[in-house]
Amino acid sequence: MATLYITSTETFSGKSALCVGIAKRLQRDGYAIGYMKPVSSGERLAAGLVDEDADFFKQTFELPDSLDDMVPIGLGPRAVEALLEGKDPVEFGGRLSAAYERIAEGRDIVLLEGGANLREGYLIGLPTPKVAQMLGASALVVVKFNDDLQVLDDALTARARLGDTLIGVILNAIPRQRMPFVQEMVKPALEARGVPVLAVLPKERLLLS
């Protein structure tokens with residue numbers, strides 16, 4: 001059984017779409033898949049609403065798992081306040097591990113979807129690098145292009161934080177006029193610094209819509 005942790009360096013990077021695409025391919029090839037978002041945060045959780053990504057994944061792939069297992073840790077504003085005030089202490093690591101065991105049962109591959117960025121989770125002792133190590137996951141990081149320097153720094157930061165759990169990065173949303181530069185200069189520069197670049201994807205307005 002394999003575990004792939006798909007995360008990103010910022011929000012709206014294309015991470016969820018990538019998870020869906022990989023899952024579709026895996027299912028087509030006959031693999032039994034599972035899905036988890038180890039830590040979910042945001043305003044929707046404060047209103048008692050479910051994590052949209054997990055709910056979409058559950059319906060799209062007709063997964064039998066409960067949303068509580070698919071999203072074992074939800075950090076809305078009220079949960080953060082309770083945590084800071086020391087109310088209702090929770091052993092977050094144990095909760096995550098137990099949910100993962102249930103999700104992984106009978107599955108060939110479990111996809112973990114990371115949070116908004118590589119900083120998320122430190123408050124509860126479950127940052128992305130620790131989750132990857134705990135669950136024996138290989139990490140794939142989506143780096144959204146904003147400018148030349150940023151895409152390099154973000155990819156190198158991912159390498160520094162994730163270490164040997166990182167199997168590569170995907171450089172996403174590259175403006176078409178910058179594609180030659182990214183493919184011919186940025187990609188080789190990152191690989192020379194120990195960051196495998198698995199794909200360089202152009203910006204697609206249809207997908208952004």
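A few notes on this one:
- Rolling a 1.4 angstrom probe over the protein heavy atoms with all chains in place gives region 47-153 an accessible area of 50 Å² per residue.
- Note on the chain: with neighbouring protein chains present and a 1.4 Å probe, carbon and sulfur make up 52 percent of its accessible heavy-atom surface.
- About the Cα centre, charge dipole magnitude for the chain (Lys/Arg +1, Asp/Glu -1 at Cβ), debye: 560
- Taking the chain and dividing mean pair separation by its residue count, relative contact order in percent (alpha carbons under 8 Å, at least six apart): 27
- Computed from backbone phi with θ = phi - 60° and the Karplus coefficients 6.51, -1.76 and 1.60, the 3J(HN,Hα) list for region 70-79 is 5, 10, x, 10, x, 10, x, x, 5, 5 Hz; x is used for glycine and proline.
- Helix-only [θ]222 nm of the chain, DSSP H runs n ≥ 4, -39500 (n - 2.57) each, per residue, nearest 500: -11000 deg cm²/dmol
- Summing Lys and Arg as +1 and Asp and Glu as -1 over all other residues whose Cβ lies under 11 Å from the Cβ of ALA139 gives a net charge of +1.
- Two-site FRET efficiency, LEU83 against THR157, from Cβ-Cβ distance with R₀ of 30 Å, rounded to 0.05: 0.70
- Rounded to whole Hz, the Karplus (6.51, -1.76, 1.60) HN-Hα couplings of region 160-176, x for glycine and proline: 5, 7, 8, x, 6, 6, 6, 9, x, 10, 10, 8, 10, 6, 7, x, 4
- By the rule of a C-alpha distance below 26 Å, with chain neighbours fewer than 8 residues away ignored, the lysines paired with LYS15 are LYS24, LYS37, LYS58, LYS130, LYS144, LYS187, LYS203.
- Under 12 Å, Cβ to Cβ, from ASN117 - net charge with Lys/Arg +1 and Asp/Glu -1: +1
- Filtered trypsin sites (Lys or Arg not before Pro), region 53-87: DSSP coil and at most 14 other beta carbons within 10 Å: LYS87
- Two-decimal Rg to Rh for region 1-144 - Kirkwood Rh, Cα set: 0.94
- Coil-residue GluC sites (Glu not before Pro) of region 86-125, DSSP, other Cβ within 10 Å capped at 13: GLU91, GLU105
- Highest-MSF residue in the chain out of ASP154, ASP51, ASP164 [GNM, Cα springs under 10 Å]: ASP164
The values are calculated or read from the model by the stated rules, or taken from the named source; none is laboratory data. Because the structure is predicted, anything quoted here is derived from the model rather than measured. Cβ sites come from the backbone with ideal geometry, for glycine too, and all protein chains shown count toward neighbours. Just the protein is used for accessible areas: all its heavy atoms, side chains included, with ligands, DNA and RNA removed. Shrake-Rupley method; radii C 1.70, N 1.55, O 1.52, S 1.80 Å.
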